[in-house]
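For reference, the structure discussed in these notes is given below.
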Ligand SMILES: O=C1O[C@H](COP(=O)(O)O)[C@@H](O)[C@H](O)[C@H]1O
């Protein structure tokens, strides 16, 4: 059955061309279950240990001219610690470098899935994550990514009009969707004219339709849809999507999409993917910046507290993208 999922036209605008500075990631060691990134050369370590946030040294200026293709190789992944080979943490000296690496990470997955299956299913959160995606709509990615193969979803949405400042659709549209040629029919926004409950059901129906047409894969282990990539932010309280600490929705095990009418963070009415759906994704990136989130990062990664972000997993790969302030408690 076709869903009434609201499909919105996308405007097109010219890409901007910006130089691409390199990124730097450093090692963070945790008691268990993590694979971490660390610098493999003295220059990379020096670059971090001098707290190069906003640094204008000539070395970094020279580095900043290095090609974007070098960025990822410099953030060498290594050192598996513990059992969970699917989880790793990358820490960047600046949010700028994080954004560069996140763009490369996303573009590489886009290439892989477009080649393998002719489609790339991407889910985004709202909030600060969207700003950290800005490098994707710049050169070289804006021209090299096959946007026609993208299918674009939201992990959660506030039940407000699409032009409302609280709308996650508006946030993504203004700084991302309006700048790339994703076919309008591949952008799956909620039908905000419905109640929260009906909008969640409608979105789930939409996903079921996409499973039937094989646009969405299904996880062999869970039976839930398996998105190729989920790009998530985290709130200062450790919430992800609209799954808040202590809320019963965190325990939902059957529904794919559900509604909340008592969100502790306004607006109160929202729809959200459930944990089983989120955790059936092939790849998940959890992107967290700022010292205001350091305690929640600690609680999630060291398992010292019960925060929703600590329950996020992925079938193939979960990567935490952190800036230095966000990992200050680790
Ligand atoms: O309300 C929400 O908050 C979270 C976190 O937002 P941030 O601005 O602190 O990064 C976001 O991931 C979620 O999508 C949004 O609805």
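A single entry from 90, 95 fulfils the requirement of being farther than 26 Å from residue 216 by Cβ, within 16 Å of the ligand (Cβ to nearest atom) and buried (at least 19 other Cβ atoms within 10 Å of the Cβ): 95.
The conditions of being under 19 Å from residue 216 (Cβ atoms) and outside any helix (DSSP H, G or I) are met by residue 153. Residues of the stretch 303-317 that are surrounded by fewer than 22 Cβ atoms within 10 Å (Cβ to Cβ) and at pLDDT 95 or above: 310, 311, 313, 315, 316, 317.
What number of residues within the stretch 141-178 are within 15 Å of the ligand (Cβ to nearest atom) and either touching a residue at least 24 places away in the same chain (Cβ under 8 Å) or surrounded by 22 or more Cβ atoms within 10 Å (Cβ to Cβ) (or both)? So the count comes out to 19.
A count restricted to the stretch 179-204 and to residues that are more than 15 Å from the ligand (Cβ to nearest atom), assigned to a helix (DSSP H, G or I) and farther than 24 Å from residue 113 by Cα stands at 4. With respect to the conditions (1) under 16 Å from residue 188 (Cβ atoms); (2) away from the ligand (no atom under 16 Å from the Cβ); (3) buried (at least 19 other Cβ atoms within 10 Å of the Cβ), residue 110 falls short on a single one, namely (1).
Can you pull out the residues in the stretch 264-297 that are surrounded by fewer than 20 Cβ atoms within 10 Å (Cβ to Cβ) and out of contact with any helix residue (DSSP H, G or I) (no Cβ under 7 Å at 6 or more places or on another chain)? Within the stretch 264-297, 264, 265, 266, 267, 268, 276, 279, 282, 292, 295 qualify. Counting only strands (runs of 3 or more DSSP E) that sit completely within the stretch 56-144, those holding 3 or more residues that are modelled with pLDDT of 75 or more correspond to 87-92, 120-124.
Among the strands (runs of 3 or more DSSP E) confined to the stretch 224-318, the ones with at least 2 residues that are closer than 20 Å to residue 196 by Cα and within 16 Å of the ligand (Cβ to nearest atom) are located at 257-260, 270-273.
The values are calculated or read from the model by the stated rules, or taken from the named source; none is laboratory data. Since the structure is predicted, the reported quantities are computational estimates derived from the model, not experimental observations. Positions of Cβ are generated from backbone atoms using ideal geometry, with glycine treated the same way; all protein chains shown enter the neighbour counts.
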